[in-house]
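Taking it in order: structure first as structure tokens, then the write-up.
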Amino acid sequence: MGAGAILAASPTAYNWLCIAGAAYLIWLGIGMLRRARGRGQREQSSDTTTISPPSVQEVPLRSWSRGFFSNVFNPRFGLFYMAMLPQFIPDDTPPFLMGLLLALIHNAIDLIWFSLLIVGVRLLGHWLNKPGVQRGLDCVAGLVVIAFGAKLIIPVIVS
């Protein structure tokens with residue numbers, strides 16, 4: 001019996017899990033807002049105009065291998081593929097080969113997306129490193145995460 005079966009059988013357990021998840025999201029959002037406020041106070045009390053992290057030059061192959069191995073050894077990816085891919089495999093195709101093809105397509109899309117994201121962050125890195133931009137991003141992200149938490153918790157509390 002898995003956790004999904006327990007949650008499906010017990011609405012109370014499901015509601016408590018929703019409440020715990022929502023509370024965690026709200027706590028993370030409040031932490032982001034507090035961090036943004038702390039950055040603003042440091043800006044006002046500091047003589048420096050920018051806070052720049054130390055320059056880190058990492059070898060691309062080392063970065064790639066770290067990401068590759070963390071994904072390969074992360075059981076969530078295997079569970080994701082086992083849960084999602086079978087519904088897209090036609091009956092008349094070999095399941096292993098079609099599943100492998102779908103996983104490769106998914107990985108190619110991820111590679112393109114994350115490559116574009118990396119290039120974008122590299123191009124905008126100077127601007128993203130400004131304290132005012134970081135504070136604004138923390139505020140927006142904190143409010144969005146709090147809103148997600150509220151969206152999860154309100155239906156549980158109201159019902």
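The values are calculated or read from the model by the stated rules, or taken from the named source; none is laboratory data. These figures come from a predicted structure and were not determined experimentally. No Cβ is skipped: glycine too gets one built from the backbone with ideal geometry, and neighbour counts run over all protein chains shown. For the accessible areas, the whole protein counts, side chains as well, though only heavy atoms, and no ligand, DNA or RNA atoms are used. Shrake-Rupley method; radii C 1.70, N 1.55, O 1.52, S 1.80 Å.
Note on the stretch 111-159: residues that are of a type in the set (Val, Ile, Thr) and under 30 Å from Thr12 (Cα atoms) total 8.
Mind counting the residues in the stretch 124-139 that are under 12 Å from Met32 (Cβ atoms) and open to solvent by 90 Å² or more (accessible area, probe 1.4 Å)? So the count comes out to 1.
Restricting the first member to the stretch 21-36 and to residues that are farther than 26 Å from Asn129 by Cα and touching a residue at least 12 places away in the same chain (Cβ under 8 Å), and the second to residues that are part of a helix (DSSP H, G or I) and open to solvent by 60 Å² or more (accessible area, probe 1.4 Å), the beta-carbon pairs closer than 7 Å and six or more apart or on different chains are Gly21/Leu152; Ala22/Leu152. Looking across Phe96, Phe148, Phe114, one residue alone is under 24 Å from Arg37 (Cβ atoms) and either part of a helix (DSSP H, G or I) or open to solvent by less than 90 Å² (accessible area, probe 1.4 Å) (or both). It is Phe148. Set side by side, the residues Phe73, Phe77 differ, and just one is surrounded by 10 or more Cβ atoms within 10 Å (Cβ to Cβ), hydrophobic (A, V, I, L, M, F, W, C) and modelled with pLDDT under 90, which is Phe77. Scan the stretch 8-20 for residues that are part of a helix (DSSP H, G or I) and without any contact (Cβ under 8 Å) to a residue 40 or more places away in the chain and the total you get is 9.
State whether the residues of the stretch 109-118 include one that is farther than 30 Å from Ala23 by Cβ and touching a residue at least 60 places away in the same chain (Cβ under 8 Å). No: the stretch 109-118 contains no residue that is farther than 30 Å from Ala23 by Cβ and touching a residue at least 60 places away in the same chain (Cβ under 8 Å).
Take the stretch 3-59 and flag every residue that is modelled with pLDDT under 65, surrounded by 11 or more Cβ atoms within 10 Å (Cβ to Cβ) and either acidic (Asp, Glu) or closer than 29 Å to Ile157 by Cα (or both). Answer for the stretch 3-59, where residues must be modelled with pLDDT under 65, surrounded by 11 or more Cβ atoms within 10 Å (Cβ to Cβ) and either acidic (Asp, Glu) or closer than 29 Å to Ile157 by Cα (or both): just Glu43.
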